[in-house]
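Asks: One structure, as C-alpha cells, below. Some questions next.
The values are calculated or read from the model by the stated rules, or taken from the named source; none is laboratory data. None of these values were measured; they are calculated from a predicted model. Backbone-built Cβ (ideal geometry, glycine too); neighbour counts: all protein chains shown. Ligands, DNA and RNA are excluded from the accessible area calculation, which covers all protein heavy atoms including side chains. Shrake-Rupley method; radii C 1.70, N 1.55, O 1.52, S 1.80 Å.
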Amino acid sequence: MRRLPLLLTTLALCGGLAALGALDRTGPGVPHPAADAAGRPDSRSATDSSLTRAITADQQRLRQLPADAALWARLGAEYVEQARLTADPAYYPKADEALHRSLALAPQANADALTGLGALANARHLFDLARDFGEQAVTASPAHWPAYAVLADARTQLGDDAGATEAVQQLLDRRPGTAAFTRAAYDLEQHGRTDEARAALRQALDGAYDPADKAFCHYQLAELDRNSGRADDALAGYRQALRADPDHTPALAGRARAEAALGRNDDALRDYAAAVARVPLPQYLLELGELQESLGRPEQAQEQYRLLAAEQRLAAANGVVDDLTLGQFQADHGDPAEAVRLLRAEWDRRQNVLVADALAWALHRTGADAEALDLARRAQAHGWHNALFLYHLGTIEHALGRTDDARTHLTEALTTDPAFNPLQAPLARTALAGLH
C-alpha cells in the first residue's frame, strides 16, 4: 500500500528515540497531527503512561526551579515525544516554548535544547531549520549523539544523501544502538540495498531490550517484507511486533496493510479502524479510505478523506508545513492542479526522491508528462525498490508512448509488490495487459 512521507509518527520511533527526530520514509515516518478531537476516541489512550508521569513531574519541579535550563530542555523533548504518541500537534507550541526557555537560560553550549529544537523542527517539516539546529548542537558538543539523529533525518528529507549517510555513520560511531541501526537501515533501503537494510535491523533487534524498541524493529522488518511483496512474512512480522508491545499502533496498521494485500479485507478494515481509533494519522486514514473505495464504499472512503483534511488543518495551525502529504492526496483524490502548486512549493524547499515522485505524479495527472518524466527518473536515481515509484514512472512513460520502458517499469512495480495499493495496483495490471 501507499507509504506517505508523513511525520515522525509514520515510522513511530519508539521509546526515547522519537524525541530525537524521525525517519521519514515515505515515512517514515514525525508526530503527525490528529483530527479534531470532537467525536473521536482520545488518542492519548495509546501513550506511554510513564511519559505522562514524567511530564507532570517535570512541570512540578519547574515550578520550584524555574531557572533550570536542563529541566526545561527535557520537558521540551518530552512534549515532542508526547506529540508523537498522541498525534496531537498542540504539543508543538508547548515544546517550542520550553526549549527556547532552556536556550534563553543557557545560551552557550546547550546541546540538549538545540537537539530538541531540531527534533521539533523535523516534526514540523521545517527540515532546513532542523539541519541548522542539529549542526549547532554538534558544534556545541561533538560527542552529543542525539544531535546526529536529528541531522540524519533532516538531511535525508532535504535530499542531502551524502550528508545524511555521514550523519548516520557519526551516530553509529558514537552510539551503535537502535536509533543508529534503524536509520542506517532506511539509508540502505533508499539506495536499493534491502538485504543490508534487513541485516542492520536485525542488529538493532538483537540489541533491543525495551518492548517498544523490539516492537519497532519487528515492525520495520515487516515493512521491508511488505514492500517486497512478501505479505505473508510481513503479517507474521507485524504480529511479532504486537506480541512485543500490544500498544504499538504502527504494527496494528501494518497488520491491516498486510491483510488487505492478502485479500483479507474484513480483517484489514477492522484493524485499520482500531488503529485510527487509537491514533488517527493521515497515513492510516488514507489507506483505510483507499481500501474502502476499492471495495465500492465511496461514502465511507470520503469520511476518511474528510478526517485527513481536518488533521492537515490542525497541523498547519500548530506550525506544521506539510505540502507533500496534501499534494499527494490532491493528486489522487482532489485537484491535480492544486497538487502541482503545493508540490512545486515543496520542491523549492527540499529536493529528495519522495518529493520528486510526488511532483512527477501530480504533473502527470495534469497532462504535463514531458516534465513529469525527468522527475520520475530522479525518484529512481538511488535504486530504491519502491513499487509506487515504479508504477508512476511506467504510467508516465505509457502516456508518452514509450511502450518498452513502460512495460519494463510496470512489470517491475508489480513484481516488487503486486498489491502496492488497492486502487492503483489493479490499474497497473490493466495497463500492463494492454501493452502485451
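Asks: Look at Arg407 and say whether it is closer than 30 Å to Glu196 by Cβ, modelled with pLDDT of 95 or more and open to solvent by 10 Å² or more (accessible area, probe 1.4 Å).
Replies: When the stated conditions are applied, Arg407 passes them.
Asks: Can you tell me which residues in the stretch 353-385 are farther than 24 Å from Gly401 by Cβ, part of a loop (DSSP other than H, G, I, E, B) and out of contact with any helix residue (DSSP H, G or I) (no Cβ under 6 Å at 6 or more places or on another chain)?
Replies: Gly383
Asks: Can I ask one more? Could you tell me whether the stretch 81-104 includes any residue that is among the hydrophobic types (A, V, I, L, M, F, W, C), open to solvent by 20 Å² or more (accessible area, probe 1.4 Å) and closer than 30 Å to Tyr284 by Cβ?
Replies: yes
Asks: Is it true that some residue in the stretch 130-139 is open to solvent by 10 Å² or more (accessible area, probe 1.4 Å), modelled with pLDDT of 95 or more, in contact with a Lys or Arg (Cβ under 8 Å, 6 or more places away or on another chain) and in a helix (DSSP H, G or I)?
Replies: yes
Asks: Looking only at residues in the stretch 219-242 that are assigned to a helix (DSSP H, G or I) and open to solvent by 20 Å² or more (accessible area, probe 1.4 Å), which one is modelled with the lowest pLDDT?
Replies: Per the stated criteria, the residue is Asn227.
Asks: Then there is this: Of all residues in the stretch 116-126, which are open to solvent by 20 Å² or more (accessible area, probe 1.4 Å) and either in contact with a Pro (Cβ under 9 Å, 6 or more places away or on another chain) or in a helix (DSSP H, G or I) (or both)?
Replies: Residue satisfying the conditions is Arg124 alone.
Asks: Run down Ala143, Ala113, Ala109 and say which single residue is open to solvent by less than 10 Å² (accessible area, probe 1.4 Å) and either of a type in the set (Lys, Arg) or in contact with a helix residue (DSSP H, G or I) (Cβ under 9 Å, 6 or more places away or on another chain) (or both).
Replies: Working: Ala143 fails: open to solvent by less than 10 Å² (accessible area, probe 1.4 Å); Ala109 fails: open to solvent by less than 10 Å² (accessible area, probe 1.4 Å).
From the options Ala143, Ala113, Ala109, the qualifying one is Ala113.
Asks: Let me ask you something else. Can you confirm whether Trp384 is over 21 Å from Ser228 (Cα atoms), surrounded by 15 or more Cβ atoms within 10 Å (Cβ to Cβ) and of a type in the set (Phe, Trp, Tyr)?
Replies: Numbers: over 21 Å from Ser228 (Cα atoms): no; surrounded by 15 or more Cβ atoms within 10 Å (Cβ to Cβ): yes; of a type in the set (Phe, Trp, Tyr): yes.
Taking the combined requirement at face value, the residue does not satisfy it.
Asks: If you go through the stretch 243-280 one residue at a time, how many are surrounded by fewer than 20 Cβ atoms within 10 Å (Cβ to Cβ) and either modelled with pLDDT under 95 or in a helix (DSSP H, G or I) (or both)?
Replies: Looking only at that region, the number is 10.
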